[in-house]
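Participant: Have a look at this one.
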Amino acid sequence: MATRKRVSEIAELSSNPAPAWDLEKYIKSAHLAGVDAVKIQLFLPEHFPVKERAEKTRAQFPGDRLREYYSLAKSWGLAAGASVFHAGGIGEVCRILDFIKLASREENNGELIDAAFFAANQFRKPLYRSISTTKNFEVGRIPDSNGSMHFGTIAQYPASLLRSMTAVTRFAFFFRSKKLKWGWSSHTKGFLDCIFAANLGASIVEKHFALHSTDLEAGHSSLPDDFRKMANILHGGDS
């Protein structure tokens, strides 16, 4: 049986390592699960409604550990990236890390998109941008080079498998019609939508990675065993 073209896999650590932020344990586990990259989120609590800020403060990545995070990822052979949510300091983040990403909740944030576009071009790093709809696709830009691309997603946590499979199909046809490489950002509990996206031509899949069922975002994350199974398939193993 012919093997699929190798698909890259990003383990989205997000806030799952909080509150202890044992980064090495999560990064090592992601490496052992066979992924290619890890990603964190650099949101600020004030980006959220007042009623959510206490929870988001607990889940906020400690910004003074950005270089440590990068070094740990490199020591385990992984690329390191981050989702960015504000234009200030985005250049420094892009300079340090291997890639930056824009979440779908920022898909119409023109100031942030422009700042990310500039930083990615300046440092020749990939910029990934999640979109939940193709309706306003022309609103934002990403660089035409450096491996940058758009990711389809459903901004629901967790997202149902049926809705996700339907969305994957829609995004696949859309990006093919534009002759663009694309990725898929999954928020399901399982990983069948990621395999489906790969079968329809996605170059990268991103999925939330948890070590424990009690992690903050375990409800829309996969555990290491499932990541290992998914990575084997996405990297050209059993299908």
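The values are calculated or read from the model by the stated rules, or taken from the named source; none is laboratory data. Given the structure is predicted, the values throughout are model-derived calculations rather than measurements. Virtual Cβ from ideal backbone geometry, glycine too; neighbours counted across all protein chains shown. Only protein heavy atoms, including side chains, enter the accessible area calculation; ligands, DNA and RNA are left aside. Shrake-Rupley method; radii C 1.70, N 1.55, O 1.52, S 1.80 Å.
Participant: Could the peptides 90-100, 196-206 be put in order, highest first, of the mean number of other beta-carbon atoms found within 10 Å of their residues?
Facilitator: Top to bottom by mean Cβ count within 10 Å: 196-206, 90-100.
Participant: Here's another thing I want to ask about it. Quote the accessible area belonging to Trp76 in square angstrom, nearest 10, computed with a 1.4 Å probe and with ligands, DNA and RNA left uncounted.
Facilitator: 70 Å²
Participant: Also: For Cα Rg over 2.2 N^0.38 Å, which listed value, (1) 1.12; (2) 0.99; (3) 0.94, comes from the coordinates shown?
Facilitator: Among (1) 1.12; (2) 0.99; (3) 0.94, the one derived from this structure is (3).
Participant: Along the range 208-219, what does the Karplus equation 6.51 cos²θ - 1.76 cosθ + 1.60 (θ = phi - 60°) give for ³J(HN,Hα), rounded to whole Hz, x for Gly and Pro?
Facilitator: Karplus values, whole Hz, x for Gly and Pro: 5, 10, 10, 9, 9, 5, 9, 4, 4, 10, 4, x.
Participant: Okay, moving on. Please report the antiparallel percentage of DSSP beta bridges with both residues in the chain, rounded to the nearest 5.
Facilitator: If I count the DSSP bridges inside the chain, around 0 percent turn out antiparallel.
Participant: What Kirkwood hydrodynamic radius do you get for the range 141-226 when you take the inverse of the mean 1/r over all pairs of distinct Cα atoms, in Å?
Facilitator: 13.4 Å
Participant: List, in the order given, every pair from Lys39/Lys189; Lys101/Lys229; Lys39/Lys74 whose Cα-Cα distance in the structure shown is over 22 Å.
Facilitator: Over 22 Å Cα-Cα: Lys101/Lys229.
Participant: Figure the gain on full extension for Ser71 and Phe123 (residue separation times 0.36 nm, minus the Cα-Cα span) and round it to one decimal in nm.
Facilitator: Between Ser71 and Phe123, full extension yields an extra 16.9 nm.
Participant: With the crude spin-label approximation of a point 7 Å out along Cα→Cβ, what separation in nm comes out for Asp22 versus Arg6?
Facilitator: 3.1 nm
Participant: Something else: Roughly speaking, to the nearest percent, how much of the chain's 1.4 Å accessible area is carbon and sulfur?
Facilitator: Answer for the chain is 53 percent, counting heavy atoms of protein chains only.
Participant: Another question, then. Work through the residues other than Ala155 whose Cβ is under 10 Å from its Cβ and net out their charges, Lys, Arg +1 and Asp, Glu -1.
Facilitator: 0
Participant: If you take all C-alpha pairs in the range 13-72, what percent of them are over 13 Å apart?
Facilitator: In whole percent, the long-distance tail amounts to 63.
Participant: What is the dipole size for the chain, taken about its Cα centre, with +1 at each Lys and Arg Cβ and -1 at each Asp and Glu Cβ, in debye to the nearest 20?
Facilitator: Values: 31 positive and 25 negative charges, 131 e Å.
Charge dipole of the chain: 620 debye, to the nearest 20.
Participant: Counting helices only, and only those DSSP H runs with n ≥ 4, report the 222 nm mean residue ellipticity of the chain as the sum of -39,500 (n - 2.57) divided by its residues, in deg cm²/dmol to the nearest 500.
Facilitator: Here the helix-only value at 222 nm equals -10500 deg cm²/dmol.
Participant: Here is a follow-up. Pairs Lys28/Lys179; Lys135/Lys207; Lys56/Lys125: which exceed 31 Å Cα-Cα? Walk me through the intermediate numbers first.
Facilitator: On the way: Lys28/Lys179 36 Å; Lys135/Lys207 24 Å; Lys56/Lys125 28 Å.
Beyond 31 Å: Lys28/Lys179.
Participant: Quick check: with the 1.4 Å probe, what order do Lys181, Lys189, Lys28, Lys101 take by accessible area, largest first? Intermediate values should be presented prior to the final figure.
Facilitator: Details: Lys181 140, Lys189 110, Lys28 90, Lys101 5 Å².
Largest to smallest exposure gives the sequence Lys181, Lys189, Lys28, Lys101.
Participant: Based on DSSP H assignment, which helices of the chain show an axial Cα extent of at least 18 Å together with a mean Kyte-Doolittle hydropathy greater than or equal to -1.0?
Facilitator: Span-like helices here: 110-123, 161-177.
Participant: Here's something else I'd like to know. Take every Cα pair under 8 Å in the range 185-239 that's 6+ residues apart, average their separations, divide by the length, and report that relative contact order as a whole percent.
Facilitator: 35 percent
Participant: If you count only protein heavy atoms with a 1.4 Å probe, what accessible area per residue comes out for the chain, rounded to a whole Å²?
Facilitator: Each residue of the chain exposes 46 Å² on average to a 1.4 Å probe.
Participant: Sticking with this structure for a sec: Taking the highest mean first, how do the peptides 14-26, 30-42 order by number of other beta carbon atoms within 10 angstrom per residue?
Facilitator: Those peptides, ordered most packed to least, come out 30-42, 14-26.
Participant: Quick one: which of 122-134, 155-167 comes out on top by average Cβ neighbours within 10 Å, and what's the full order, highest first?
Facilitator: Ranking the peptides 122-134, 155-167 by packing returns 122-134, 155-167.
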